[in-house]
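No lab work stands behind these numbers, since they all come straight from the coordinates. Not measured: the values here are computed from a predicted model. Note: ideal-geometry Cβ built from the backbone for every residue, glycine included; neighbour counts use all protein chains shown.
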Amino acid sequence: MFVISQTDKRPMYLQIMEQMKQRIAVGDWAAGQAIPSIRQLAVDIGVSVITVKRAYLELEREGVIVTRQGKGCFVALDSNVGARIREQELAQHLEQAVRSAAMMGLSPKNLERRIRAIYERVADAEKEPV
Amino acid sequence: MNDYAIELSGVCKSYRFFDLQNIALRLNCGTIMGLIGPNGAGKSTTIRILMGLVYPDRGEVRVLGHCIPDAQVAAKWDIGFASDDMRLYDSMTLGWHINFLKSIYSSWDDAYAHLLLKRFGLNSEQKIKGLSHGQRVKAALLLVFARRPKLLMLDEPTTGLDPVARHEILRELTSVMAEEGRSVLFSSQNTQDIEQISDQITFIDRGRIIDSVDKELYLDRWRRLRLEVPDGVQLPTLPGVIGIRQTGRLAVAIANAFEPHLPNAYENSGARVHAVENMTLEEIFVANVEHSREEVKA
């Protein structure tokens with residue numbers, strides 16, 4: 001089920017891309033599996049064809065999906081596509097954190113220390129028997 | 001084979017207090033175009049010209065390959081038109097209207113008509129005079145949709161509908177795209193509707209077309225930049241930026257031809273770029289109309 005949120009500030013094509021990646025990451029769409037055509041997904045979600053087309057083009061560029069002439073669209077055969085998507089997400093979060101830190105004038109050392117602190121807190125929380 | 005469902009060129013129409021000026025427009029077959037503009041901008045007049053209901057003073061109009069107004073009878077077999085000044089027969093039931101249209105149009109899809117009756121929550125035995133405004137709108141659209149016309153021309157189809165009905169209508173409009181070669185032109189005051197389902201957006205203001213472009217390209221061209229302007233720094237005038245508002249050290253710049261180097265250009269002038277934001281069609285709409293009016297004044 002795809003949901004386009006009106007409170008999400010990102011453009012619709014980005015929201016669609018993310019939800020497609022999520023489907024792949026959780027294994028609903030397996031590597032090499034056929035996915036709906038652009039037109040079909042547009043009708044299913046209720047958004048314009050051109051928006052879904054853009055999401056597909058970007059995902060193709062990222063190597064997440066492939067289009068085979070006359071056969072349709074498929075999840076990339078690369079068996080690690082789920083892991084790769086999570087890796088991309090992590091990279092984005094880290095970049096965001098670094099940008100925020102830079103804007104606050106935080107040194108790399110300082111940022112590192114704070115990440116380590118979060119790590120320890122999360123690890124502790126997981127150890128604790130509830 | 002004609003690639004355009006609609007082609008307008010050099011279309012002019014003068015009224016005493018309003019001019020439609022040099023309208024040029026193309027709608028590709030198989031796509032949805034949203035027509036947007038302030039009240040009195042010329043959206044309905046444009047649609048009425050396309051339907052042969054208003055004759056232009058000048059210019060060429062082709063719809064589904066037919067010259068309008070001369071060949072409008074031939075064109076209308078394949079056009080589904082609805083506007084809010086259209087009336088159904090008050091003393092007749094919706095079912096009577098359904099049977100009436102079924103007897104005229106061979107393309108009528110009875111199964112689809114019944115599906116829509118259910119989806120729209122309408123009762124075919126009810127007389128039109130007993131229907132609310134929203135129910136009448138839905139009834140009129142049902143009668144148009146069930147013909148499965150090649151081209152749907154809808155003047156403000158979602159105005160006055162509750163949110164559920166609005167979503168039903170939008171869903172039916174996008175489902176039209178499941179069949180190759182069918183096209184939709186619709187006008188709306190609801191920018192969210194236009195943003196969601198249009199492949200192409202056409203902006204009209206004061207009888208002129210300001211923009212008629214691919215929606216994704218269009219949304220991508222506009223950005224809002226949030227800037228911090230330290231004392232003594234003067235923000236430069238940059239191409240592609242149509243307006244800057246500054247209060248104290250904070251400024252907001254609106255770009256209608258955004259380029260990736262634009263933030264750098266501001267940084268080089270000594271300002272700091274805090275954020276580069278996408279804009280919704282609603283925000284673009286307001287900025288665009290304000291900007292075009294300033295240009296007219298200048």
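For residue A:21, the lysines whose Cα falls under 20 Å of its own Cα, not counting residues fewer than eight places away in the same chain, are A:9, A:53. Note on chain B: lysine pairs with Cα distance below 16 Å, sequence gap of 8 or more or different chains, count 6. Secondary-structure-derived ellipticity at 222 nm for chain A, considering helices only, amounts to -20000 deg cm²/dmol, per-run term -39500 (n - 2.57) for DSSP H runs with n ≥ 4. Of the complete DSSP H runs in chain B, those spanning 15 angstrom or more by Cα along the long axis with a mean Kyte-Doolittle score not below 0.5 are B:94-104, B:133-145. Length, then width, then depth: along the principal axes, the Cα atoms of chain B run 75, 41, 38 Å.
Classify segment A:12-75 as rounded, prolate or oblate, taking a ≥ b ≥ c as the square roots of the eigenvalues of its Cα gyration tensor: rounded when a/c is under 1.5, otherwise prolate if a/b is larger than b/c and oblate if not. Since a/c stays below 1.5, the shape of segment A:12-75 is classed as rounded.
Here, P(r) means the percent of Cα pairs in each 5 Å bin from 0 to the largest distance; for segment B:223-278 it is 4, 22, 37, 27, 8, 1.
Dipole of segment A:81-127 computed with +1 at Lys/Arg Cβ and -1 at Asp/Glu Cβ about the Cα centre; of A:85, A:100, A:125, farthest Cα towards the positive end is A:100.
How would you classify segment A:81-127 from its alpha-carbon gyration tensor, with a ≥ b ≥ c the square roots of the eigenvalues: rounded for a/c under 1.5, else prolate if a/b is greater than b/c, otherwise oblate? In terms of gyration-tensor shape, oblate.
Looking at segment B:101-187, the GluC sites (Glu not before Pro) that sit in a DSSP loop and have at most 11 other Cβ atoms within 10 Å of their own Cβ are B:125, B:180.
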